[in-house]
Amino acid sequence: MASFYITTPIYYINDKAHIGHAYTTIAADILARYRRQQGDEVLLSVGTDENSQKTLKAAREAGEDVGNYADDMAWAWKQVWDQLHISYDRFIRTTETAHEQTVSTILEHIRDNGDIYRDTYEGFYCSDCEAFVSESDLQEGLCPDHKKPPETLQEDNYFFRLSRYQEPLLEYIREHPEFVQPESRRNEVVAFVERGLDDLSISRENLEWGLSYPFDPEHTIYVWVEALMNYVTVTGYPGSNYEQWWPADVHLVGKDIIKFHCVYWPALLMSAGLELPKTVMANGFLNVEGSKMSKSLGNVVDPIELANTYGVDALRYILLRDTPYGQDGDFTIERFVAVYNSELADDLGNLVNRVSSMIQKYQDGRIGQPGDAAHDTSDYHRALKEFRFDAALEVVSKFVKDLNLYIEEEKPWEIAKTDAEHLEEVLSYLATNLAHIGELLTPFIPGTGEKIQTAFSGEILQPIEGTLFPKHDHAAG
Ligand code: MSP
């Protein structure tokens, strides 16, 4: 049995989850469920990035003790993933002792490799990005992501010799084109590295909240450096079994954090003598009605509200169906409801309903001998291997449409009048194919997929209670 290790970004806890976070996490869950279905042993890890100064600020604003605040928020994030049926095997918090130990060990290796020195950092820092930024990163003096002026820092810091890794990184990316995906992001990373790499500050001077720098307690580890190491903590490193999972098969990340995952992270790993993750796959941003989601615009979409109104499975399906993974997408409630009504309520829901009603009406619930599923699924499997979730669902959606057409053409209600034997062939063909569709849908919409598979798999129909996807009114959105 092959091992397959998938990670999601670990999210900051100064705020709650929105559909952008849900998007990446659901994608990771689909891969995890798909791999398990294929027989792999899977480790899916999710978690929270807690040692950021954002945590401290948010706790203060809420008038709470920062430790309690972190506990409450980590719990809240976990609830969201539970409610969205994310089948994670590990929920990592960067405030865990295990994480501190892993981080110390990795930093020791980096230090022993001669890659850490002490110097003064003079420059900018954007605390919303938790990133050291250079003048050329700014637009009219502002952080382009947060539209805020950065802080000016002059600190005594420990530095990582990132500059040493410029050539090894370029060579690695050249030899392993699958390392950074999609290709547009790979080009971006290569261009960034080719422009030249400065050494990276890996500590901050004496912050109130954060992991203490193991070789000098006056310093705090730069949060991004230790946050990235969570992926190794999860494997149990430096414990002896970590090699079952490390290197990770895929880190799913958003496009805004590829510099951290495709430049800093591999360089840190090379220095520590650890293998590099096989693939970093970056998704685009989900915007809302054409604009970036932001609190100040008041357009942040809550995935739990959508799941409560339309069902978890509808949310999971539509988020991954509507945008090619890797590109930016645009969320509008009108589009969401339109896809819901056409593909889930009309096509899939009706197909399931029609076939089970006919089996009940004409054959008293007896399906008969299951036949072979007629569809070629190679495109579905290829799409999932290439992170083309939308294309995998397109394959399934086409099967569903084909079966609805088959019913229109065959007219089982006519056959029922004259030929019971042929009717049984037609209905069992439909049932077999529906069971197969249920199986293909299970990674995406586990509740519904399993129901469909179970309903149509045996010789006797297991009727599904209620309506799978009741129609929704656009206005009710
Ligand atoms: N804590 C860091 C990640 C550390 S991983 C070692 C972080 N956290 S975050 O909470 O700000 O964002 C996490 C992820 O959410 C990023 O991958 C980011 O791209 C993603 N998204 C934030 N808004 C998004 C959308 N609107 N759409 C899609 N993904 C978005 O960065």
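Contact annotation: residue pairs with Cβ atoms under 6 Å, 6 or more positions apart or on different chains, pairing a residue in segment 34-62 that is more than 25 Å from Glu243 (Cβ to Cβ) with a partner that is at pLDDT below 95 and within 12 Å of the ligand (Cβ to nearest atom), are Ser52/Glu130.
Go through (1) farther than 23 Å from Asp322 by Cα; (2) of a type in the set (S, T, N, Q); (3) within 15 Å of the ligand (Cβ to nearest atom); (4) assigned to a helix (DSSP H, G or I) for Asn51 and report which single condition fails. The one condition Asn51 does not meet is (4).
Condition check ((1) in contact with a Ser or Thr (Cβ under 7 Å, 6 or more places away or on another chain); (2) touching a residue at least 60 places away in the same chain (Cβ under 8 Å); (3) not in a helix (DSSP H, G or I)) across all residues:
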position	(1), (2), (3)
Ile359	no, yes, no
Gly371	yes, yes, yes
Ala383	no, no, no
Leu393	no, yes, no
Lys398	no, no, no
Lys417	no, no, no
Ala435	yes, yes, no
Gly438	no, no, no
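Does Asp82 qualify as being more than 26 Å from Ala391 (Cβ to Cβ), more than 16 Å from the ligand (Cβ to nearest atom), under 16 Å from the mean Cα position of the chain (by Cα) and among the acidic types (Asp, Glu)? So Asp82 passes the test.
Figure legend. Inter-residue proximity from segment 249-269: first residues over 16 Å from Asp199 (Cα atoms) and of a type in the set (A, V, I, L, M, F, W, C), second residues within 9 Å of the ligand (Cβ to nearest atom) and assigned to a helix (DSSP H, G or I), beta-carbon distance below 7 Å, spacing 6+ or different chains. Indicated pairs: Leu252/Thr24; Val253/His261. One residue alone among Pro247, Pro277, Pro238 is within 26 Å of Glu100 (Cβ to Cβ), in contact with a strand residue (DSSP E or B) (Cβ under 7 Å, 6 or more places away or on another chain) and part of a loop (DSSP other than H, G, I, E, B), and that residue is Pro277. The set of residues from segment 263-294 being within 12 Å of the ligand (Cβ to nearest atom) and not aliphatic (A, V, I, L, M) comprises Tyr264, Trp265, Pro277, Asn283, Gly284, Phe285, Asn287, Ser291, Lys292, Ser294.
Within 16 Å of the ligand (Cβ to nearest atom), more than 29 Å from Leu268 (Cβ to Cβ) and of a type in the set (A, V, I, L, M, F, W, C): does that describe Ala76? Give the steps one after another, and end with the answer.
Numbers: within 16 Å of the ligand (Cβ to nearest atom): yes; more than 29 Å from Leu268 (Cβ to Cβ): yes; of a type in the set (A, V, I, L, M, F, W, C): yes.
Against the criterion (within 16 Å of the ligand (Cβ to nearest atom), more than 29 Å from Leu268 (Cβ to Cβ) and of a type in the set (A, V, I, L, M, F, W, C)), Ala76 qualifies.
Total residues in segment 317-352 satisfying the condition of being at pLDDT 95 or above, outside any helix (DSSP H, G or I) and of a type in the set (Val, Ile, Thr): the figure is 1.
When Ala314 is tested against (1) in a loop (DSSP other than H, G, I, E, B); (2) in contact (Cβ under 8 Å) with a residue 12 or more places away in the chain; (3) of a type outside the set (Ser, Thr, Tyr), just one condition goes unmet, and that condition is (1). Annotation note: Cβ proximity below 9 Å between a residue of segment 270-294 that is modelled with pLDDT under 95 and a residue that is β-branched (Val, Ile, Thr) and within 12 Å of the ligand (Cβ to nearest atom) (sequence gap 6+ or interchain) occurs for Met293/Ile19; Met293/Val300; Met293/Val301; Ser294/Val300. Among the candidates Glu183, Glu226, Glu175, Glu205, the residue that is closer than 26 Å to Phe124 by Cα, modelled with pLDDT of 95 or more and not β-branched (Val, Ile, Thr) is uniquely Glu226. Of the strands (runs of 3 or more DSSP E) that lie entirely inside segment 120-229, those containing 2 or more residues that are within 18 Å of Ile106 (Cβ to Cβ) and among the hydrophobic types (A, V, I, L, M, F, W, C) span 151-160. Do we have Leu197 as more than 21 Å from Cys129 (Cβ to Cβ) and crowded, with 16+ Cβ neighbours inside 10 Å here? In short, no.
Remark: Trp246 falls outside the filter, which requires a residue to be within 16 Å of the ligand (Cβ to nearest atom), farther than 27 Å from Ala383 by Cα and crowded, with 17+ Cβ neighbours inside 10 Å. Evaluation of Asp256 against the conditions (1) assigned to a strand (DSSP E or B); (2) near the ligand (Cβ under 8 Å from one of its atoms) shows that the sole unmet condition is (1).
Looking across segment 1-37 at every residue that is part of a loop (DSSP other than H, G, I, E, B) and within 9 Å of the ligand (Cβ to nearest atom), the one that is farthest from Asp390 (Cα to Cα) is identified as Asn14.
The values are calculated or read from the model by the stated rules, or taken from the named source; none is laboratory data. The model shown is predicted, which means the values in this text are computed figures rather than measured ones. Positions of Cβ are generated from backbone atoms using ideal geometry, with glycine treated the same way; all protein chains shown enter the neighbour counts.
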